[in-house]
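The values are calculated or read from the model by the stated rules, or taken from the named source; none is laboratory data. Remember, predicted model here, so these are calculated numbers, not experimental data. All Cβ positions, glycine included, derive from the backbone under ideal geometry; neighbour counts span all protein chains shown. Side chains included, ligands, DNA and RNA excluded: accessible areas come from the protein's heavy atoms. Shrake-Rupley method; radii C 1.70, N 1.55, O 1.52, S 1.80 Å.
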Amino acid sequence: MRGGVLADLPFPPGCVSCGAPGFPWCPGCERRVEVLLPPGCRRCGRPALRDLARCADCPAPEIASLRAPFRFEGPVRDALLKLKFTGMRSVGAALGRAMAEVWDGPALPLTWVPLSRRRLARRGYDQAEALARAAAEGLGVAVGARLQRTVDLPSMARRGRRDRLGALRGAFRAVGPVPPSVVLVDDVVTTGSTVTECARVLRAAGAREVHVLAAARALSGPLPNR
């Protein structure tokens, strides 16, 4: 993946992590990127020494499967912060193409975890939507809004998973017809609380299967060297 589609995209030079020549990362930062490739968990994609049906890091039952190309740390974290807070669209395009590469499921329509109207107005840019549209282009599938955020919650970075789930109840509603199977896109999955609540809402609105595709995923412990 590192020498494949990302290197072929015609973006101006400049590592989004350190500023050295190279996009999205310079060679030095790219060596610190952890790519989540098989073998590993067939349900959530966590790398392992061998293929597994499921693992301890699998998402909640509301989510049929989970995939992300990168671990959320170091240069990948820097790239996502650039995308989130500066609206650097070339980063979204690069990460979205990487997400399309790692998706190994069926060709399904994509949607995304939306920002609140207030945050969207302030930023002028929804990073999850940008990733969803870039990934959909790479996969050749449809993409559209299927959720609306109804509550603008403060940062929950310091909350545990149970507290997050409780706070998120009622924070989203489904809009328009929901496909029977859909891929939900977010920028990063940490505890999985947000995508779990979104999946619950989509399933309540008629989806039988909700898969999750993210640019990065927070994982504890060491991973096999890939």
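The criterion of at least 2 residues that are crowded, with 18+ Cβ neighbours inside 10 Å and modelled with pLDDT of 95 or more is met, among helices (runs of 4 or more DSSP H) falling completely within the range 43-148, by 74-86, 89-102, 127-139. For the range 176-205, a residue qualifies if it is open to solvent by 40 Å² or more (accessible area, probe 1.4 Å) and within 19 Å of Arg133 (Cα to Cα), and the qualifying residues are Gly176, Pro177. Given the structure, is Leu66 under 16 Å from the mean Cα position of the chain (by Cα), under 17 Å from Glu209 (Cβ atoms) and not polar (S, T, N, Q)? Against the criterion (under 16 Å from the mean Cα position of the chain (by Cα), under 17 Å from Glu209 (Cβ atoms) and not polar (S, T, N, Q)), Leu66 qualifies.
For Arg208, indicate whether it is open to solvent by 50 Å² or more (accessible area, probe 1.4 Å), under 20 Å from the mean Cα position of the chain (by Cα) and at pLDDT 90 or above. If you could, list the steps in order and put the result at the bottom.
Details: open to solvent by 50 Å² or more (accessible area, probe 1.4 Å): yes; under 20 Å from the mean Cα position of the chain (by Cα): no; at pLDDT 90 or above: yes.
Here the answer is no, as Arg208 does not meet what is asked.
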